[in-house]
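Asker: I am attaching a structure below and will ask some questions about it afterwards.
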Amino acid sequence: MEKQGDMCQYDVADKQRITDFIPKGYKLFEKISGDLNKDGLEDCVLIIKATRKDGFVKNSFDKVVDRNRRGIIILFTEKDGYKLASKNYNCFSSENEEGGVYYAPELWVEERKGNLYLRYCHGRYGYWEYCFRYQGSDFMLIGYEATYNHGPLVLGKTSINFLTGVEYDDENINADKFDADSDDDPVADEVFKRTVVKLKKKPLMKLSEIEDFDDLKLN
């Protein structure tokens, strides 16, 4: 696995093509556009993927799949090209992980209101989402949202604001009354009890320093 520290040659600002920032041994997996520094210009978020031969393995169905890890490169658009804002070459697992009896969570990346959102969608089980904002010289983790579902029923929700250091945990107190065989809409009976947790003050996490989102500990 290549170290990010070995890629300093890609930090040059005056590159004309986004592909110039993709290091050797990686390919472009997905490109997302949006203004991430609120200067009115469309910036680029590149999801990249390693191309190592040993990343191709057989899954539980005896099918060869590409398990090479993915990463992210964020480029600010400037008058004469692009400027590197942040990079992390191996922080995401592949899109071909095992999902057990269900499919593995799917990664969605988007810009909303100048912030970068990394969302893992897991179908009937809910989702979890990380919110990053550019501050200083990197994208900082400022928020986290998650829902815990049983099909259409929301069992609970978590919301964390890392700027204020407050976590909100909502528990559906009617969850045990839900009948999966009933035709009634469970959403109409959802009642949540909120617990507020004050978090210990810590430095904000940098996107460039997160080793693996699958193992990321927030508390």
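The values are calculated or read from the model by the stated rules, or taken from the named source; none is laboratory data. Keep in mind it's a predicted model, so treat the numbers as computed, not measured. All Cβ positions, even for glycine, are placed from backbone atoms using ideal geometry, and neighbour counts span all protein chains on display.
Asker: Condition test on residue 103, is it surrounded by 14 or more Cβ atoms within 10 Å (Cβ to Cβ), hydroxyl-bearing (Ser, Thr, Tyr) and on the phi < 0 side of the Ramachandran plot?
Answerer: Spelling it out, it is not the case that residue 103 is surrounded by 14 or more Cβ atoms within 10 Å (Cβ to Cβ), hydroxyl-bearing (Ser, Thr, Tyr) and on the phi < 0 side of the Ramachandran plot.
Asker: A further question follows. Quick check on the stretch 89-96. Is at least one of its residues under 12 Å from the mean Cα position of the chain (by Cα) and aromatic (Phe, Trp, Tyr)?
Answerer: Filtering the stretch 89-96 for residues under 12 Å from the mean Cα position of the chain (by Cα) gives 91-93.
Adding the requirement that they be aromatic (Phe, Trp, Tyr) leaves 92.
Yes: the stretch 89-96 contains one or more residues that are under 12 Å from the mean Cα position of the chain (by Cα) and aromatic (Phe, Trp, Tyr).
Asker: Restricted to the stretch 77-97, and to residues that are among the hydroxyl-bearing types (Ser, Thr, Tyr) and over 30 Å from residue 65 (Cβ atoms), which residue is surrounded by the fewest Cβ atoms within 10 Å (Cβ to Cβ)?
Answerer: Residue satisfying both the conditions and the ranking: 77.
Asker: Looking at the stretch 20-69 only, could you name the residues that are out of contact with any Cys (no Cβ under 7 Å at 6 or more places or on another chain), hydroxyl-bearing (Ser, Thr, Tyr) and surrounded by 12 or more Cβ atoms within 10 Å (Cβ to Cβ)?
Answerer: Residues of the stretch 20-69 out of contact with any Cys (no Cβ under 7 Å at 6 or more places or on another chain): 20-30, 32, 34-69.
Keeping just the survivors that are hydroxyl-bearing (Ser, Thr, Tyr) gives 26, 51, 60.
Scanning the stretch 20-69 gives 26, 51.
Asker: Please specify each residue of the stretch 121-170 satisfying the condition of being crowded, with 17+ Cβ neighbours inside 10 Å, more than 26 Å from residue 37 (Cβ to Cβ) and either of a type in the set (Asp, Glu) or touching a His at 6+ places or on another chain (Cβ under 8 Å) (or both).
Answerer: Within the stretch 121-170, 167, 170 meet the criteria.
Asker: Still on this model: Of (1) more than 22 Å from residue 121 (Cα to Cα); (2) modelled with pLDDT under 95, residue 186 satisfies all except one. Which?
Answerer: That leaves (1) as the condition not met.
Asker: Same structure, new question: Report yes if residue 204 is within 18 Å of residue 86 (Cα to Cα), buried (at least 17 other Cβ atoms within 10 Å of the Cβ) and out of contact with any Asp or Glu (no Cβ under 6 Å at 6 or more places or on another chain), otherwise no.
Answerer: Here the answer is no, as residue 204 does not meet what is asked.
Asker: On to the next question. Within the stretch 107-128, restricting attention to residues that are outside any strand (DSSP E or B) and without any contact (Cβ under 8 Å) to a residue 24 or more places away in the chain, which residue is nearest to the chain's Cα centre (by Cα)?
Answerer: By that ranking, first place goes to 122.
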